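To keep things clear, I will list the structure first and then write my remarks on it.
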Amino acid sequence: MTEVTPIEARKADHIRINLEEDVRSGLTTGLERYRFVHRALPELNLEEIDLSQELFGRKLRAPLLISSMTGGTDQAAEINRLLATAAQETGVAMGVGSQRAAIENPKLAASFQVRRYAPQVLLFANLGAVQLNERYGVRECLRAVEMIEADALILHLNALQEAVQPEGDTRWAGLLKKIETVCRTLPMPVIAKEVGWGFSERDARWLADAGVAAIDVAGAGGTSWSQVEMHRARDESQRRLAAAFVDWGIPTAQAILNVRRAAPELIVIASGGLRTGVDIAKCLALGARLGGMASPFLKAAARSLEDVILTIQELRREIQVCMFAAGVGSLDQLAQAELIQVD
């Protein structure tokens with residue numbers, strides 16, 4: 001029997017916990033505080049509303065990202081296959097989970113290699129930024145991109161998760177300079193991504209100055225990875241530590257605005273607690289280019305490929321109907337749409 005590595009075991013734990021446990025943040029996304037202005041006379045034909053755009057050289061048929069989730073196990077390989085097949089069928093973007101496991105054990109690379117199922121999809125590779133403070137550098141980043149023939153690299157920032165993990169990497173000092181080296185050297189775009197606690201204006205500006213092409217805000221209001229780690233805790237003390245951060249973070253709506261104010265030149269990807277096409281449309285009106293989701297797609301993939309495709313189709317239709325009712329016919333117009341802030 002092949003021995004399971006600690007990283008593989010952790011990946012399996014994360015899938016199981018996300019499918020079986022309540023790991024929601026104690027905060028909301030903040031999107032509930034915004035409303036579109038309803039147009040009783042939209043002066044549009046619903047079926048002519050255009051959801052397409054080009055991003056990082058790829059054409060998307062809808063402003064939707066299947067957010068980075070998993071890889072590194074047999075179960076993860078099947079999930080990624082289903083997600084990639086659905087992304088290709090529907091013309092949306094996709095990210096894979098952290099590829100550290102496959103960098104350290106090339107036998108696991110196949111669980112991330114989805115390009116054959118999704119030859120035209122905008123695809124994001126993924127590594128933990130903190131690994132640049134260990135022994136990773138430009139070479140490993142390039143390996144992650146080449147491993148899956150990605151269009152861009154996500155460097156995910158998960159300091160709080162690492163701090164409440166028993167095996168967490170907590171040496172974060174001096175990391176910004178190393179991110180800058182990767183951004184200035186790698187021949188493809190780099191995306192900075194949180195995992196559920198959002199971005200401040202200061203951090204967004206720092207990352208923009210370092211050379212990132214985009215920020216995925218991954219704000220608070222959805223899955224809380226401190227709650228996930230709470231369910232992995234080895235003892236009650238560790239469990240209480242993780243549980244204390246259930247309401248930590250910057251809500252998704254605020255995180256989008258933070259990045260837009262601090263670094264208006266950056267592409268913004270919105271994620272963190274998005275559940276409907278209306279949520280995505282609000283994020284685009286606040287300044288994002290894509291709306292990303294993970295948990296709804298993970299749960300759909302646990303059922304079938306057809307459920308993943310249906311989930312995407314329903315989200316796309318919700319965005320389209322939202323735009324129709326708001327009287328906007330394209331994503332460019334949606335970016336200028338009026339939102340009312342409510343208490």
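What follows is calculated from the coordinates using simple rules that are stated; it is not laboratory data. A quick note: this is a predicted structure, and the numbers were derived from the prediction, not measured. Cβ sites come from the backbone with ideal geometry, for glycine too, and all protein chains shown count toward neighbours.
Worth a mention:
- Each peptide among 295-306, 37-48 gets the average number of other Cβ atoms lying within 10 Å of its residues, and from highest to lowest they stand as 295-306, 37-48.
- 3J(HN,Hα) from dihedral phi, the stretch 171-178, Karplus parametrisation 6.51/-1.76/1.60, rounded to Hz, x for glycine, proline: 9, 10, 5, x, 6, 4, 5, 6
- Net charge over other residues, Cβ less than 13 angstrom from the Cβ of LYS193 (K, R count +1; D, E count -1): -3
- Normalised contact order of the chain, rounded percent, pairs of Cα under 8 Å and 6 or more residues apart: 23 percent
- Among 263-273, 21-31, the order from most to least packed when residues are scored by Cβ within 10 Å on average: 263-273, 21-31
- Within the chain, antiparallel bridges make up roughly 20 percent of the DSSP beta bridges whose residues both belong there.
- Rounded to whole Hz, the Karplus (6.51, -1.76, 1.60) HN-Hα couplings of the stretch 38-52, x for glycine and proline: 6, 10, 5, 10, x, 6, 9, 9, 3, 6, 8, 5, 9, 9, 7
- Between the stretch 108-161 and the stretch 274-343, the Cα center-to-center distance that results, in Å: 25 Å
- Measuring against 29 Å, Cα to Cα, the residue pairs LYS193/LYS299; LYS177/LYS299; LYS107/LYS193; LYS193/LYS282; LYS59/LYS299; LYS59/LYS178 contain LYS177/LYS299; LYS59/LYS178 as the ones spanning a longer distance.
- Computed from phi, the 3J(HN,Hα) profile of the stretch 56-64 under the Karplus parametrisation 6.51, -1.76, 1.60 (θ = phi - 60°) reads 6, x, 10, 8, 10, 8, 7, x, 10 Hz, with x in place of Gly and Pro.
- Against the chain, whose longest principal axis comes from its Cα atoms, helix 277-286 is set at around 90 degrees.
- Our estimate of slack between MET188 and GLU32, defined as 0.36 nm per intervening residue step minus the Cα-Cα distance, is 52.6 nm.
- Selection among LEU305, SER330, ILE319 by position relative to the dipole of the stretch 301-343 gives LEU305 as farthest towards the positive end (Cβ unit charges, Cα centre).
- Using a Gaussian network model of the chain in which every pair of alpha carbons under 10 angstrom is joined by a spring, one finds that among LEU175, LEU82, LEU286 the greatest mean-square fluctuation is at LEU175.
- Net +/- balance of residues flanking GLN333 in space, Cβ distance below 15 Å, scoring K and R +1, D and E -1: -2
- Rounded to the nearest 500, the helix-only mean residue ellipticity at 222 nm of the chain stands at -12500 deg cm²/dmol, with each DSSP H run of n ≥ 4 adding -39,500 (n - 2.57).
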